[in-house]
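Colleague: Okay, here's the structure, questions in a sec.
The values are calculated or read from the model by the stated rules, or taken from the named source; none is laboratory data. Not measured: the values here are computed from a predicted model. Because the Cβ atoms are built from the backbone with ideal geometry, glycine has one as well, and the counts that use them run over all protein chains shown. We work out accessible area using only protein heavy atoms, side chains counted, and drop any ligands, DNA or RNA first. Shrake-Rupley method; radii C 1.70, N 1.55, O 1.52, S 1.80 Å.
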Amino acid sequence: MTGRVVWTAHCPPSWPAWARDWATTKGSLTLRLSGLNRGFRVEPVVQGQVLNPRGPFLPAGSDAGGLMRQRLVRLHVNNEPVVLAQTLVKMNGAVSDWHFWRGLGSRSLGSVLFSDPRVKRGNLYFARLPLGQTWVQQLLSPQLRAEMNTLGSGRVWYARCARFSRQPDRTPLWVMEVFLPQLEFYL
């Protein structure tokens, strides 16, 4: 990863209006995207293990570090990727905490999380991620990678993340979402 990531508790007013609008979506992003009626779908790209160092990738004080289960997906509208998402959960957590993990396939994580009344989303955090963010680069198609990388190293991704919990003192789940510029056309 190149560059420093600074997470804040408030969406910066300096972000473009389209990025602020999508990043501050209350409730399920899946529900909002599917509500566009333009062919929403989830494309799983990677599901496996990753060594996630504490600190630079998540807000300060986060409990997501060490060996993690990772799921990387692209969210599409109108056959075009509009959101890149990473989900992290500790490997040593109880399997029953997030029992649906292995069976998600192309189902949206949001459809599962927001349909379970026991799941609580914590505060949203916002950051501008450098284009070289490793997990984001893994989610880019060759065409999108070439397009985004030609924008220059000074460009950034607009992102948010949140911690989800199912029960107190159980294994948390972290979700990070990157909003692609194509979302501007779906306001």
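Colleague: Where the accessible area of the chain is counted over protein heavy atoms with a 1.4 Å probe, how much of it, in %, is carbon and sulfur?
Modeller: 52
Colleague: Still on this structure, please answer the following. Using the Kirkwood formula over every pair of different C-alpha atoms, what hydrodynamic radius in Å results for segment 1-48?
Modeller: Kirkwood radius, segment 1-48: 13.7 Å.
Colleague: OK, next. Quick one: ranking Lys120, Lys90 by accessible area, 1.4 Å probe, largest first, what do you get?
Modeller: Lys120, Lys90
Colleague: Could I ask something else about it? Work out the FRET efficiency for Ala9 and Thr150 from their Cβ-Cβ distance, taking R0 = 35 Å, and round it to the nearest 0.05.
Modeller: With a Förster radius of 35 Å, E is 0.60.
Colleague: Continuing with the same structure: With +1 on the Cβ of every Lys and Arg and -1 on the Cβ of every Asp and Glu, and nothing else charged, how large is the dipole of segment 69-128 about its Cα centre, in debye rounded to the nearest 20?
Modeller: 160
Colleague: Using just the helices of the chain, give the 222 nm mean residue ellipticity in deg cm²/dmol: DSSP H runs with n ≥ 4 each add -39,500 (n - 2.57), and the total is spread over all residues, rounded to 500.
Modeller: Helix contribution divided over all residues of the chain: -4000 deg cm²/dmol.
Colleague: At q = 0.18 Å⁻¹, work out log10 I(q)/I(0) for the chain with the Debye formula, treating every Cα as an identical point scatterer and leaving solvent out; two decimals please.
Modeller: Per q value, in the given order, log10 I(q)/I(0) is -1.36.
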